[in-house]
Amino acid sequence: MKIHPYAIVHPNARLADDVEVMAFSIIEEDVEIGPGCVIGPHCVIGAGTVMGSGNRTYSGAQIGVPPQDLKHLPGVHGRTVIGDHNIFRESVTVSSSTVYRLDDPPRETRIGSNCLFMACSHVAHDCTVGDRVVMANCAGLAGHVTVEDGAILGGLAGVHQFCTVGRMAFIGGMSRINMDVLPFMIMEGHPARCYGPNQVGLTRNGYTKEQVARIRKIFRIIYRSNLNMSQAVEEIRRSVEDCEEKKIILAFIENSHRGISR
């Protein structure tokens, strides 16, 4: 291990043999850091954080620190679970789960793998972030938000608590998201509106023209047909051929708790 003499590592923290910890960083108790991780200078890895392999934090990142939730019990640490090969740029903040009562069932803030969190982005307590997610500068997730695989949030975008951002959705910069965002779609504005399928992102991820065309047809039914959501769902079931994209979107609508952004 390459631990700078000015770094502070708690005695019961478990670090892989090749972990690097730079100057003035703090690794708190009950932390586990996997192989190949680099913790930059002036960072804090909060108590109860489990980090996989190949992660990199830059100056000032605060990962797994106590939540900004007044209901959190003082002196008790939550849990943060992070996958592999994520990048946390300067001053990124990731809050641990909130502990409301000592006998509560355990919860966690969870981040997948291969994500990029640009400078000053924020993931609040009890969020679930999938794989290959990108959060641009100063984008923020409130508590209990879910961001599915491959989604991108533009700079200064904000997501209301308990919302879900569907897979491969694209949220434009400075957008306000207060309802669930369908997979594969572009949302932008304050409040956000849907502008169609994320065609560039879909193409980059290997979706065929036929798949994109089916997603565009679903978009038109939901957003351009003047049908309410129940009617739109029935029309999708009737008129769109069975495919994985149809199944994903219909399942997302069925499981939505806050309603779909329209």
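Observations on the structure shown:
- Enumeration of residues in the range 101-126 that are at pLDDT 95 or above, more than 20 Å from residue 28 (Cβ to Cβ) and assigned to a loop (DSSP other than H, G, I, E, B): 112, 113, 114, 115, 118, 119, 120, 121
- Selection within the range 201-226 - within 24 Å of residue 133 (Cβ to Cβ), aliphatic (A, V, I, L, M) and without any contact (Cβ under 8 Å) to a residue 24 or more places away in the chain: 212
- When residue 202 is tested against (1) in a loop (DSSP other than H, G, I, E, B); (2) surrounded by 19 or more Cβ atoms within 10 Å (Cβ to Cβ), exactly one condition is not met: (1).
- Applying the condition of being free of Cβ contacts under 8 Å to residues at least 12 places away in the same chain and surrounded by 14 or more Cβ atoms within 10 Å (Cβ to Cβ) to the range 227-254 and asking which residue is nearest to residue 203 (Cα to Cα) yields 232.
- Qualifying residue in the range 166-186 (condition: over 17 Å from the mean Cα position of the chain (by Cα) and either within 19 Å of residue 129 (Cα to Cα) or of a type in the set (S, T, N, Q) (or both)): no
- Residue match in the range 143-164 (condition: closer than 14 Å to residue 180 by Cβ, touching a residue at least 60 places away in the same chain (Cβ under 8 Å) and crowded, with 21+ Cβ neighbours inside 10 Å): yes
- For the range 240-257, the criterion of being under 18 Å from residue 177 (Cα atoms), modelled with pLDDT under 95 and small (Gly, Ala, Ser) is satisfied by no residue at all.
- Within the range 170-202, being closer than 25 Å to residue 247 by Cβ and small (Gly, Ala, Ser) holds for 192, 196, 201.
The values are calculated or read from the model by the stated rules, or taken from the named source; none is laboratory data. Source: prediction; values computed, not measured. With ideal geometry, Cβ positions are generated from the backbone for all residues, glycine too; neighbour counts draw on all protein chains shown.
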